[in-house]
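So the structure is just underneath, and the comments pick up after that.
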Amino acid sequence: MSNSTPLPQVAWIGLGIMGSPMAENLIKAGYPVTGFTLEQDKLDRLAAAGGKAAGSIAEAVADADVVITMVPASPQVEAVAYGPDGILENVKAGALIVDMSSITPQTSVDLAKAAAAADKGLRVLDAPVSGGEAGAIEAVLSIMVGGEQAAFDEARPLLDALGKTIVLCGPHGSGQTVKAANQLIVAVNIQACAEAVVFLEKSGVDLSAALDVLNGGLAGSTVLTRKRDNFLNRDFKPGFRIDLHHKDMGIVTDAARNVGAALPVGAVVAQLVASLRAQGDGGLDHSALLRSVERLSGDTAA
Ligand code: NAD
């Protein structure tokens, strides 16, 4: 974009663990950002970072060229998009809507249809992310996009301010399908790491040394790098909440069943995530899968 062309006006809906640092990265890149979210302290944080806090979705999107949503799950995306107070009703004609939440692929397909039916020239992309809170802060997220090439090209400069690996995966919903696969891989990887941690500790091996050498070989992973200290310090402050991973394991097991793909290990890990949540640990980071392995291994204090 040339210096003389003003950057698009952005509305950001959902300023949680991910949304806040992502919106701040857009502000740092020079975008004017107006935000709306449910917690006042998050609105104050946006204003302190140079954004503008809005009192409603309608107010946030009124002047927006691009609307970005980053809310927990499908029901919240539907709540912010639809109805008289929602994005579709209140946004300017021709706006681009980029939903970065992790939701069911079908919800993304339905949103694209509803946006087309609004007859205002709206374009929609599903653009869920991977990389966690650290990836959001560092603007190195992987962003998996579904939708039309032209809308992707238009969104690309904004997405470049948020992430590093940005790929158009196919039509509406494809980004969500890839994100569901991502969540399957991450959950199984965390579970394997958690089992290794309990095994190593019970064997009397120095855990820190073991994780270092494991991470240098084929067992190494971004999960092990990012969650190493959570495991070592039993620090389960989120990060990515078990509640959200439970939602994602539901998405991937359901989507896989719909296409006839068997996920035997994924199904077991989905049950372990559900069990952790049922035990009251839904608000903890997903590295707390370690707790569940400890309990299964007879550690009553875990
Ligand atoms: P969060 O719970 O921290 O934040 C969600 C935000 O959405 C909250 O600030 C809330 O106020 C807002 N919100 C909910 N309903 C709203 C409404 N009706 N109107 C306006 N705002 C509303 O969640 P998060 O961890 O930031 O995750 C957001 C999405 O990103 C989820 O879909 C999650 O699965 C996905 N994700 C999270 C991570 C992570 O590490 N936390 C990583 C990748 C993807």
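The values are calculated or read from the model by the stated rules, or taken from the named source; none is laboratory data. All figures in this text were calculated on a predicted structure; none of them were measured in a lab. Note that we place each Cβ from the backbone using ideal geometry, even for glycine, and neighbour counts take in every protein chain shown. The protein model used for the area step is the full one, side chains on, heavy atoms only, and it has no ligands, DNA or RNA in it. Shrake-Rupley method; radii C 1.70, N 1.55, O 1.52, S 1.80 Å.
A few notes on this one:
- Length-normalised contact order of region 130-289 in % [C-alpha pairs under 8 Å, at least 6 apart]: 23
- For region 173-264, the relative contact order works out to 38 percent when only alpha carbon pairs closer than 8 Å and six or more residues apart are counted.
- Across q = 0.07, 0.08 Å⁻¹, the chain modelled as identical point scatterers on its alpha-carbon atoms has Debye log10 I(q)/I(0) values of -0.28, -0.37, in the order of the q list.
- Between region 247-294 and region 165-184, the alpha-carbon center distance in angstrom: 19
- Candidates Gly217, Gly135, Gly35, ranked by Gaussian network fluctuation over the chain, Cα under 10 Å, top entry: Gly217
- When the alpha carbon gyration tensor of region 19-172 is reduced to an equivalent ellipsoid, the three semi-axes, largest first, read 21, 19, 14 Å.
- Here's how it looks for Lys120: its modeled amide H is under 5 Å from none belonging to a residue 5 or more places away or on a different chain.
- Taking GluC sites (Glu not before Pro) in DSSP loop conformation with at most 14 other Cβ atoms inside 10 Å as exposed sites, the chain has its longest uninterrupted site-free stretch at 139-302.
- Amide H within-cut-off set for Gly170, under 5 Å, with H built and near neighbours excluded: Gly147
- Near the amide H of Ile97, within less than 5 Å, lie the amide hydrogens of Val67, Arg123, Val124, Leu125, all on another chain or at least 5 residues away, with H placed in the peptide plane.
- Projected label distance in nm at Asp153 and Lys113, using a 7 Å step from Cα toward the beta-carbon: 2.8
- Phi-derived couplings, Karplus 6.51 cos²θ - 1.76 cosθ + 1.60 at θ = phi - 60°, listed residue by residue for region 11-17: 9, 10, 10, x, 10, x, 3 Hz, with x used for Gly and Pro.
- Integer Hz, Karplus 6.51/-1.76/1.60 couplings in order for region 122-128, x for Gly and Pro: 6, 10, 10, 10, 8, 9, x
- Computed extension length for Lys120-Glu201: 23.2 nm, one decimal, from 0.36 nm per residue of separation with the Cα-Cα distance subtracted.
- DSSP H segments from the chain that extend 24 Å or more along their own axis, Cα-based, with Kyte-Doolittle mean of -1.0 or above: 174-202, 242-259
- Other residues with beta-carbon under 13 Å from the beta-carbon of Thr300 carry, at +1 per Lys or Arg and -1 per Asp or Glu, a net charge of 0.
- Ligands, DNA and RNA left out, the accessible area of the chain computed with a 1.4 Å probe is 56% carbon and sulfur.
- Relative contact order of the chain, pairs being alpha-carbon contacts under 8 Å that are 6 or more residues apart, as %: 13
- Partner lysines for Lys247 [C-alpha distance under 25 Å; skip if fewer than 8 residues away on the same chain]: Lys42, Lys113, Lys179, Lys227, Lys237
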